[in-house]
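Undergrad: One structure, pasted below without further comment.
Every read-out reported here was derived from the displayed coordinates using simple, explicitly stated rules and does not represent laboratory data. Predicted model, so just to flag it, every value in this text is computed and none were measured. Using ideal geometry, Cβ is built from the backbone for each residue, glycine included, and neighbour counts are taken over all protein chains shown.
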Ligand code: ADP
């Protein structure tokens, strides 16, 4: 029997309901306003008074309206057909609708149940399986999509029957599993999972120990992110966040890209919605969208849907991770998500924390980030969700609660600096303020030493040191003037410029420079460090500047040339070092 209730009060999207039975925290319900039936989530329960957050505008809703409780939490459908989809935070399929925006009270099927998928079984009758075990496989946009034992199944099951290779729709029964008590359970290719609960059907979740290559030098060479790691990018408007995200999506070593667009202004969301599908996939030569899922909030969706979207995105990421795939989850921006949390908490009149964010903001952010990670599956294979979120701190204030809380949990920090963007030094990631804590992990150092080069870690420190010294020298030159400092200061300054122009700056719009494989990154850093270790003597600071400017020009040409091509070696000869 479903619990029913009547609306007793309305404060914007927060609706109070008098109920006639038990209700669970975060349970989903439907509020009926005349012809419109709107989805809502329980956010507080006090006796028979329940507070629900409606995912729609409550315009015209009257007290006394009927509410029906569904007995489950906010869930997503998991099955083949998710790739290439554009969903909203409630997994409504926006592509099936006219334009971007759904009408009020309109919900669509997340997955198409008419499509037939070619299923190949991976288990035999009599085998023992448990939640997450691979029962079979279909091909989804040329990627293997595993059909797994539903994650809600507890304990061990025996495969009683499994269908043969053939074409099936997601709702057809593909296997019958028997539990230890002898009860049979049917399995189809689709299952549901509550978005706010992590899917933990894996054997182990070790600390990340591999680097996820991105082709972006300022990431890979300077502050690499680990596969299954977490990072965040705070940055003011116009500082190159979008270009950077596109570069990561296109180039990172990931099988699946999930883009969670959490927007306040509709135009920002529409931008992602329009631009992403146009991106080419450098790996396949086809569209990147074939291995991408976009979760975006439409402008008519209120705070609760915005809050849900990042969880929906993470749940989809965890699903693909259990298939042994590498997932890169990008969220833009997590500040909007935090603002949604704030609005909800304020409406509930909870005691506010810093800047009126919920008191447990830190815990919420930390719990969310901890869902990312590298996992070892029961069958020995591995999968990962790497999470990179952007933060848009109001007024560029990095001391505000969302940035601070994120900084505590995210292991990589990529500070986009306005000053770098203003001087067109792209990507505008600040080399001094940014960091990757993965570089401190012994297993990552070992990984870099074996896969890139022995003592690679020392080279990174050496380069960072040159940049730091260059910055100090530049400050002195600024204060004392070109002639007021020893020539040595000019030399230091130009050495840091050399690293900046040749390694840090990268043209996202150049066919060759846009993505640099690790082998080439190593080659270039070694070359630049070799120059930095020399100490040519100069007559005056003009001669020093001319010397380094010439080197920078040649090295930039190298960056634009095919690696180890004839042209590349021609420029290398010009260096004369
Ligand atoms: P944001 O999303 O932070 O508002 P964008 O990513 O749209 O900023 O970047 C603003 C502009 O900066 C871009 O239109 C582009 O001209 C320039 N830009 C950013 N990053 C790069 C890059 N790596 N290479 C070349 N130009 C860039």
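Undergrad: Could you check how many percent of all C-alpha pairs in the range 217-435 are farther apart than 24 Å? Please report the intermediate quantities before stating the final value.
TA: Working: 9906 of 23871 pairs.
Within the range 217-435, distances greater than 24 Å cover 41 percent of Cα pairs.
Undergrad: Then there's this: Before anything else, pin down the relative contact order of the range 217-435: Cα pairs under 8 Å, at least 6 apart, normalised by residue count, whole percent.
TA: Working: 417 pairs, mean separation 70.3, N = 219.
Across the range 217-435, relative contact order equals 32 percent.
Undergrad: So what is Rg over Rh here for the range 341-382, counting just Cα atoms and using Kirkwood for Rh?
TA: We get a ratio of 1.32 for the range 341-382.
Undergrad: To the nearest 10 degrees, how steeply does helix 303-321 sit against the main Cα axis of the chain, on a 0 to 90 scale?
TA: 80 degrees
Undergrad: Give the Kirkwood hydrodynamic radius (Å, one decimal) of the chain, defined as one over the mean of 1/r across all pairs of different Cα atoms.
TA: On the way: mean 1/r = 0.0383 Å⁻¹.
Hydrodynamic radius (Kirkwood, Cα only) of the chain equals 26.1 Å.
Undergrad: What percent of all Cα-Cα pairs in the range 4-73 falls in each 5 Å bin, counting up from 0?
TA: 4, 20, 37, 27, 10, 2
Undergrad: May I have the convex hull volume per residue, in Å³, for the Cα set of the range 112-189? Walk me through the intermediate numbers first.
TA: Values: hull volume 6.3 nm³, N = 78.
Dividing the Cα hull volume of the range 112-189 by its residues yields 80 Å³.
Undergrad: Based on the alpha-carbon set only, what is the convex hull volume of the range 456-575 divided per residue, in Å³? Let's see the in-between values first.
TA: Numbers: hull volume 12.5 nm³, N = 120.
Expressed per residue, the convex hull around the Cα atoms of the range 456-575 is 104 Å³.
Undergrad: To continue, here is another question. Which of rounded, prolate, oblate describes the range 84-232, given a ≥ b ≥ c as roots of the alpha-carbon gyration tensor eigenvalues and a/c under 1.5 marking rounded, otherwise prolate only if a/b is larger than b/c? Can you show the working numbers first?
TA: Values: a/c = 1.95, a/b = 1.24, b/c = 1.57.
Because a/c hits 1.5 or more and a/b fails to exceed b/c, the range 84-232 counts as oblate.
Undergrad: Neighbour counts of other C-beta atoms within 10 Å: give me 258, 531, 218 arranged from fewest to most. Walk me through the intermediate numbers first.
TA: On the way: 258 27, 531 17, 218 22.
The order, fewest Cβ neighbours first, is 531, 218, 258.
Undergrad: Seen from all sides and averaged, what is the projected area of the convex hull of the Cα atoms in the range 203-275, in nm²?
TA: Working: hull surface 25.4 nm².
With every direction weighted equally, the projected area is 6.3 nm².
Undergrad: Here's another thing I want to ask about it. Give me the distance between the Cα centres of the range 188-216 and the range 516-577, rounded to whole Å.
TA: 42 Å
Undergrad: For the chain, what is the calculated [θ] at 222 nm in deg cm²/dmol (nearest 500), taking -39500 (n - 2.57) for each run of four or more DSSP H residues and dividing by its residue count? Present the calculation step by step, with values, prior to reporting the outcome.
TA: Values: 13 runs with 170 residues, N = 577.
Mean residue ellipticity, 222 nm, calculated: -9500 deg cm²/dmol.
Undergrad: Taking Cα pairs under 8 Å and at least six residues apart, what relative contact order does the chain come out at, in percent?
TA: Numbers: 1214 pairs, mean separation 71.6, N = 577.
Relative contact order of the chain: 12 percent.
Undergrad: On to the next question. Against the globular-protein guess of 2.2 N^0.38 Å, express the Cα radius of gyration of the range 348-495 as a ratio, rounded to two decimals. Don't jump to the answer; show the numbers that get you there.
TA: On the way: Rg = 20.6 Å, N = 148, 2.2 N^0.38 = 14.7 Å.
After normalising by residue count via 2.2 N^0.38 Å, the value is 1.40.
Undergrad: With 10 angstrom as the radius, rank 337, 494, 456 by how many other C-beta atoms surround their C-beta, starting from the fewest.
TA: Details: 337 28, 494 23, 456 20.
If I rank by nearby Cβ atoms, fewest first, I get 456, 494, 337.
Undergrad: Please arrange 256, 479, 28, 364 by how many other C-beta atoms lie within 10 Å of their C-beta, fewest to most. Display every interim value, and only then the final one.
TA: Details: 256 24, 479 9, 28 21, 364 17.
Going from sparsest to densest Cβ surroundings: 479, 364, 28, 256.
Undergrad: What is the range 456-575's relative contact order, in percent, from Cα pairs under 8 angstrom and six or more apart in sequence? The partial results should precede the final answer.
TA: Values: 94 pairs, mean separation 30.1, N = 120.
About 25 percent, as a whole number.
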